[in-house]
Amino acid sequence: MLIEIEKKSKTYRFEANAGEKILHAGLRAGVPLPFECATGTCGSCKARVNQGDIDEGWPEAPGKENFKAAKREMLMCQCVAQTDCNLTVPSKIKAFREDDINPDHHQGKITDYEMLTSDVLRFEVKVPIEGTFHAGQFFVLQAPELEGYRAYSMVNYSQSTDTLEFIIKKFPGGELSNWAFESNRLNETLDVFGPLGRATFHPDEGHDLFMIAGGSGVAGLMSILEHANQVNYFQDHKVELYFGVRTPNDLFFAERFRAIKTQHPDNVSINIVFSNEPPTSEQLSGNDGLNYLTGFVHERALPAVLEGGGNTMHYLAGPAPMVDALIRPLILDSKIPADRIRYDKFN
Amino acid sequence: MSWKAACPTGDVKQDKIKECTIDGVEIILVNVGDGFRAYPPVCPHMEQYLEGSGICANNVMTCDRHLWQWDMKTGEPLGPAEKPLLIYDTKEEDGQVMVFIDEELEYDFDDDDDD
Ligand SMILES: Cc1cc2nc3c(=O)[nH]c(=O)nc-3n(C[C@H](O)[C@H](O)[C@H](O)COP(=O)(O)OP(=O)(O)OC[C@H]3O[C@@H](n4cnc5c(N)ncnc54)[C@H](O)[C@@H]3O)c2cc1C
Ligand code: FES
Ligand code: FES
């Protein structure tokens, strides 16, 4: 199917395969179509169908909330072309960075699967070819027999790898998380598409890093820490991470944090914030180099933000209400410019 | 239409967004220190109501959905924003904010300008 998007300056044309989401077809062809969640919730990938037939996909997608049926508006991340199509895309079509990696489809196989806590599991997906991604990016995954893709941020980082490492949090009533937790999924295959996402880290930008994560939001931030550490970034840049979980039993990745902290004790600050229980006495003894606090992660992190932001890039990742609750005070009280905030809302 | 009284000047506080409806036209009003500005009520990005999503500080408005920002005095986009805010003329008269409404200003959400 030929998809045509007319803009004043040029007409974009790309092929979509049978059953392929229009967003995926465009991005794969190097057309930087607008999107944010890639999973039907945010509405950023809105387009209007001028000509042609589409299957709009997920009928209840929250991203369609304000859409006008009369204008044939739809979400490119959900819909599939059934004939050649001509579309209008109201948002700008522009690349984020020149070194962005064109995403593609792969058949992935789960090659590692382990429980990290009672409701967080870690798994690795091996894809047929080596590639790379920006630290902080995500893939969308489709499990056998489940409708629709879900987004998961990579935890690992490498200049070239065929392995994507993910964590997934148990989400009551959630279909994919149910599937993942139900039984050991080692050797299962998944359809994956990526890499995607703009809450990324680029050493050449030279920023200090301030990071706030709730629960599984730490995934992409771990990838950023990995990348930074691989290029010895913390030799002369600082990072301050606030990671919120409920109780000491819900903490994971402490070893990985410690490994980075030990190498650059002065420039790396890792703060674990428990919302429901105080830290253990061993944690409080301070021997392991991490700081342990009690409270809500946003309340603990905000006072540490430097007014005006200086040279710092701020990364926020986790449940949408947490990210929303942080954006306002960061801009209003801490006077952080909007282009110094990168976020992923996990809806 | 013509100049219409929107509300008493004291009702439009700095760093706050005040919504009003004048003859059926919804607008939002802000105080930029040495005067007032009136814009259509929604974000030019994705029609989010700015009364809820707009954050005002130092004469910069930010929509908290995707962090588009504007210079509140000129409506010009800053940072990631791709479109300006549209502005109605305003003036003060007898303690009232007056807004000149000739026709309702609306964003073109199908605008396909990409540079
Ligand atoms: C950028 C981004 C990164 C994320 N990273 C992580 C991460 O690293 N770890 C983590 O645990 N979670 C992450 N999430 C959240 C994750 O994508 C899922 O929303 C979460 O795991 C719950 O999925 P579920 O299938 O269990 O729940 P469900 O409620 O079944 O589904 C949740 C989501 O799946 C999609 N969906 C549901 N039904 C359909 C359908 N019929 N058709 C199409 N789509 C459908 C929608 O996007 C919906 O919001 C991320 C989210 C985003 C947006
Ligand atoms: S990108 Fe399609 S709804 Fe978010
Ligand atoms: S809706 Fe306002 S910035 Fe996107």
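Once you have a ≥ b ≥ c as the square roots of the Cα gyration tensor eigenvalues for region A:203-344, tell me rounded if a/c is under 1.5, and otherwise prolate or oblate according to whether a/b is larger than b/c. Oblate.
Between B:Ala6 and B:Val97, B:Met98, B:Val99, the built amide H atoms are under 5 Å apart, and every one of these is 5 or more places off in sequence or on another chain.
Close amide H partners of A:Cys42, meaning residues 5 or more places away or on another chain with modelled amide H under 5 Å apart, are A:Cys37, A:Gly63.
Computed from phi, the 3J(HN,Hα) profile of region A:182-193 under the Karplus parametrisation 6.51, -1.76, 1.60 (θ = phi - 60°) reads 3, 8, 5, 9, 3, 6, 5, 10, 9, 7, 10, 9 Hz, with x in place of Gly and Pro. Other protein chain C-beta atoms within 10 Å of residue C-beta, averaged over A:46-55: 1. With both residues required to sit in region A:2-88, DSSP beta bridges show an antiparallel share near 80%. When the Cα gyration tensor is reduced to axis lengths a ≥ b ≥ c, the ratio a/c stays below 1.5 for region A:2-88, which is therefore classed as rounded. Computed over protein heavy atoms with a 1.4 Å probe, the carbon and sulfur contribution to the accessible area of the protein assembly as shown reaches 45%. Take every Cα pair under 8 Å whose residues are at least 6 apart in sequence, average their separation, divide by the length of chain A, and the relative contact order is 13 percent.
Could you work out, residue by residue across A:87-96, how many beta carbons of other chains sit within 10 Å of that residue's beta carbon, and then give the average as an integer?
If you average over the peptide's residues, the count of other-chain Cβ atoms is 4.
Helix content alone sets the calculated 222 nm mean residue ellipticity of the protein assembly as shown: runs of n ≥ 4 DSSP H residues at -39500 (n - 2.57) each, divided across all residues, give -3500 deg cm²/dmol. Pairs over the 25 Å Cα-Cα cut-off, from the set A:Lys238/B:Lys73; A:Lys7/A:Lys71; A:Lys10/B:Lys83; A:Lys68/B:Lys83: A:Lys238/B:Lys73. For A:Lys126, a cut-off of 28 angstrom between C-alpha atoms picks up these lysines, skipping any fewer than 8 places away in its own chain: A:Lys21, A:Lys109, A:Lys169, A:Lys170, A:Lys345. Taking Lys and Arg as +1 and Asp and Glu as -1, the other residues whose beta-carbon sits under 12 Å from that of A:Thr39 total 0. Charged side chains reduced to their Cβ positions (Lys and Arg at +1, Asp and Glu at -1) give region A:104-196 a dipole of some 200 debye around its Cα centre. Between B:Asp15 and A:Asn66, take the C-beta separation as r, use R0 = 25 Å, and let me know the FRET efficiency to the nearest 0.05. Calculated transfer efficiency: 0.40. For B:Ile17, no residue 5 or more places off, or on another chain, has a built amide H under 5 Å of its own.
Residue by residue along B:51-57, Cβ atoms of other protein chains within 10 Å of the local Cβ number 2 on average. Taking GluC sites (Glu not before Pro) in DSSP loop states with no more than 15 other Cβ atoms inside 10 Å as exposed sites, chain A has its longest site-free stretch at A:148-306. List the trypsin sites (Lys or Arg not before Pro) within region A:230-294 that fall in a DSSP loop (any state other than H, G, I, E or B) and whose Cβ has at most 15 other Cβ atoms within 10 Å. When the trypsin sites (Lys or Arg not before Pro) of region A:230-294 are filtered for loop state and at most 15 Cβ neighbours within 10 Å, A:Arg246 remain. Contact residues in region B:62-88 by the 50 Å² criterion (accessible area, 1.4 Å probe, full protein complex versus chain alone): B:Arg65, B:His66, B:Leu67, B:Glu82. Which trypsin sites (Lys or Arg not before Pro) from region A:289-347 combine a DSSP loop assignment with at most 16 other Cβ atoms within 10 Å? Passing both the DSSP loop test and the Cβ count: A:Lys335.
Computed extension length for A:Glu98-A:Glu145: 13.3 nm, one decimal, from 0.36 nm per residue of separation with the Cα-Cα distance subtracted.
Does the protein assembly as shown come out rounded, prolate or oblate, given a ≥ b ≥ c as the square roots of the eigenvalues of its C-alpha gyration tensor, rounded meaning a/c under 1.5 and, failing that, prolate meaning a/b above b/c?
oblate
The values are calculated or read from the model by the stated rules, or taken from the named source; none is laboratory data. On a predicted model such as this, the values are computed, not experimentally measured, just so you know. Cβ atoms come from the backbone with ideal geometry, glycine included; neighbour counts cover every protein chain shown. All accessible areas refer to the heavy atoms of the entire protein, side chains included, with ligands and DNA or RNA removed. Shrake-Rupley method; radii C 1.70, N 1.55, O 1.52, S 1.80 Å.
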